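Only one structure is covered here, and it is reproduced in the block below.
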Amino acid sequence: MTAQEALSSSLRALRLRARLAYVGGVCGRWAVDHNSDSDAWFHMLVKGDAWLHSPRWPRPEPLAIGDVLVFLPHAPPHYLSYSADELVFDAPGAAQVPMEEGSSGFVCGLFELDQPRAPWWRLLPGEILVRRREGGDGLARLVQLLVDEARAPRLASDLLLEHLLESCLLLVIRHCVEGGLLSDGMLSVLADRRLQSVLDGIHREPGRAWTLAALC
């Protein structure tokens, strides 16, 4: 089994429930707090400007149109804001508005993780920023499909949106793997047939009090 096959096998075992949380604009002195200890959040800036406030950066990081952020449950405290200099919540005049009326606009998705503490998720950075130039056209096209489908719902739109979001997350994970954000040592472990069954068992029953004898 190759490392790529092992990764694909592990991903199939991670049950996701994806839903589109928001497609639209924001205006005024807005700020967003989507910290969660059980869910993963997906954000793509599709209009205007935004800043990421996170201890990962020495100062608030500017976002550009097409940039994607994914936050896993083990991410450090993080916030999105209209400004690099101010982080204020519930400011007068701040509001969610239709995309065309907002100074900035987002596509936001929520992933309910069946096993938020599964070892697999811990292999990834808690905060993942994929710049538009790094993500390529594939991710941008998927997000555009999301926007189009959300704006004009049709038969089975909810199901389609879920699968589109799942595909976006898979592309982000691929970016992490191909960008070397998973260690070569861990890829080797995933490719070991003898250890694959052990990892699958841990993923299926993360709450079990595993012992070395049981794993053997």
*Residue in the stretch 152-188 that is most open to solvent (accessible area, probe 1.4 Å), counting only those that are part of a helix (DSSP H, G or I), more than 18 Å from Leu16 (Cα to Cα) and modelled with pLDDT of 80 or more*: His175
*Within the bounds of the stretch 13-23, is there any residue that is modelled with pLDDT of 90 or more and touching a Pro at 6+ places or on another chain (Cβ under 8 Å)?*
no
_Residue pairs meeting the criteria (Cβ under 8 Å; at least 6 apart or on separate chains; first within 17 Å of Gly25 (Cα to Cα), in the stretch 69-86; second open to solvent by less than 20 Å² (accessible area, probe 1.4 Å) and assigned to a loop (DSSP other than H, G, I, E, B))_ = Tyr79/Ser54; Ser81/Trp30; Tyr82/Trp30
_Pairs with Cβ under 8 Å, 6+ apart, first in the stretch 136-153 and more than 27 Å from Glu178 (Cβ to Cβ), second open to solvent by 30 Å² or more (accessible area, probe 1.4 Å) and in a helix (DSSP H, G or I)_ = Glu149/Leu160
*Among all residue pairs at least 6 apart or on different chains, which show Cβ distances below 7 Å where the first residue, located in the stretch 28-55, is under 15 Å from Glu86 (Cα atoms) and the second is among the acidic types (Asp, Glu) and part of a loop (DSSP other than H, G, I, E, B)?*
Arg29/Glu86
*Having 1 or more residues that are surrounded by fewer than 17 Cβ atoms within 10 Å (Cβ to Cβ) is the bar; report the strands (runs of 3 or more DSSP E) wholly within the stretch 63-130 that clear it.*
79-81, 95-97, 104-113
*Please work out which residue is nearest to the chain's Cα centre (by Cα), limiting yourself to the stretch 135-151 and to residues that are modelled with pLDDT under 80 and open to solvent by less than 60 Å² (accessible area, probe 1.4 Å).*
Gly135
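The values are calculated or read from the model by the stated rules, or taken from the named source; none is laboratory data. Please read all numbers here as calculations on a predicted model, not as lab measurements. As a convention, Cβ positions derive from the backbone with ideal geometry for all residues, glycine included, and neighbour counts pool all protein chains shown. These area figures cover heavy atoms from the full protein model, side chains too; ligands, DNA and RNA do not enter into them. Shrake-Rupley method; radii C 1.70, N 1.55, O 1.52, S 1.80 Å.
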